[in-house]
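Following: one structure in structure tokens, then a few remarks.
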């Protein structure tokens, strides 16, 4: 079933792979398993405790819950201390993340994290980011910040510039979805400092970052259930990514990015039954679409408006 939503193909769509290198699936076998100890980083439990005093307890409870869920679902059990199976869990988790199967991603990333913690591997910050992302998608907005902040603190500011940028993006998405206005405003300021300001570590990839966030929204916008109907939880998640992409593009002055984010965000609100928000997005999108002379998308938006 084809969904008529706007896909922005004009920008470089390789941002996510660029950011995740050397952690993308295709690079996993040759890079992430070359274990390098985090000799300069505090112990994982110390980092969690520095975020919140009960951080280590929250992690253990969440890990045990994930392991129990995995067993109950009857997934194959392997020794994640073994390098081959550790890579298998990591690959399983990344595949589930890409398909939006968030419970599976959550439990597999926990298996991978347990193995990487045993090795004190460089992959720990990446897995923490992924776990935070999974918890956002699972609407567990209380646990997500623990993993995202752990990922930031365990990352090397000079070596992990891209990973830190992705953590900041997910923090903004979390604040948007949790409707924490002050947190969202602060998260956007951090994103601007990182990706928009000329002196920011990620300034050279600012537009690619906004495009990557848009594509996360687009991916969740497309998911359908077994009967061909939109999945409400995926639509809700899409609103967070589209909103962050919209606000990043506003700051970047990218009119096409603004127009496409508004057009698709309106369609998501329509599918969620919020006609007022849908119309507000589309009314704002029309002038931008006229300015960039995108008659095709403008026609689609006008059609959506007529169907309300």
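Every read-out reported here was derived from the displayed coordinates using simple, explicitly stated rules and does not represent laboratory data. Please read all numbers here as calculations on a predicted model, not as lab measurements. Cβ: placed from backbone, ideal geometry, glycine included. Neighbour counts: every protein chain shown.
Each residue in 251, 208, 275, 73 was given a count of other beta-carbon atoms within 10 angstrom of its own, and listing them fewest first yields 73, 275, 251, 208. Of 54, 162, 249, the residue with the greatest mean-square motion in the GNM of the chain, using alpha carbon springs below 10 Å, is 54.
Cα centroid separation, region 225-240 to region 247-308: 19 Å. Here the contact order of the chain, divided by its residue count and restricted to Cα pairs under 8 Å and six or more residues apart, works out to 15 percent.
Structure remark: mean-square fluctuation, Gaussian network model of the chain, C-alpha springs under 10 Å; the largest value among 146, 174, 117 belongs to 117.
Taking other Cβ atoms within 10 Å as a rough exposure proxy, 241, 194, 59, 141 sort from fewest to most as 141, 194, 59, 241.
Among [x] 1.11; [y] 0.98; [z] 0.96, which is the computed Rg/Rh (Cα atoms, Kirkwood Rh)? Label [y] holds the value from this structure. With Cα atoms defining each centre, region 67-102 and region 113-167 are spaced 17 Å apart in the structure. Counting only Cα atoms, region 243-290 measures 30, 22, 11 Å along its principal axes, largest extent leading.
In the elastic network of the chain, a GNM with C-alpha springs shorter than 10 Å, the most mobile of 92, 166, 248 is 92.
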